[in-house]
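Just below is one structure, and these are the notes that go with it.
The values are calculated or read from the model by the stated rules, or taken from the named source; none is laboratory data. The structure presented is a predicted model; accordingly, all values stated were derived computationally and were not measured. Note that each Cβ is placed from the backbone with ideal geometry, even for glycine, and that neighbours are counted across all protein chains shown.
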Amino acid sequence: MKLFNSILLIFLLSLPVISFSAESININTADKEALMSVIKGVGDKKAEAIIDYRQENGPFKSIDELSNVKGIGPAMIDKHREMLSTSE
């Protein structure tokens, strides 16, 4: 019983970490800071490139369209796919 209580306590204490680590963003409305904080590997220049692409070509129709932005490849998209959306 003591082991069960310890495991339960660890699980309950880890819930806030689990729920906040899966932040998601809409790539059509996200600002530079949001893009950099959610998409690992996207820094200042790539975030600006995403925003510039969006302004020049209109909203992204799909997450895969991010690969049209210089420096964003399929591996990066696949790694972050569940955290990205194109609609609210």
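Miscellaneous remarks
- R81 over 19 Å from D31 (Cβ atoms) and not aliphatic (A, V, I, L, M): yes
- Every residue from segment 36-76 that is touching a strand residue (DSSP E or B) at 6+ places or on another chain (Cβ under 9 Å), at pLDDT below 95 and of a type in the set (A, V, I, L, M): V38, I39
- Selection within segment 53-68 - surrounded by 12 or more Cβ atoms within 10 Å (Cβ to Cβ) and over 18 Å from D78 (Cβ atoms): Y53, R54, N57, P59
- Scanning segment 1-34 for residues that are modelled with pLDDT under 70, loosely packed, with under 10 Cβ neighbours inside 10 Å and not polar (S, T, N, Q) yields a total of 7.
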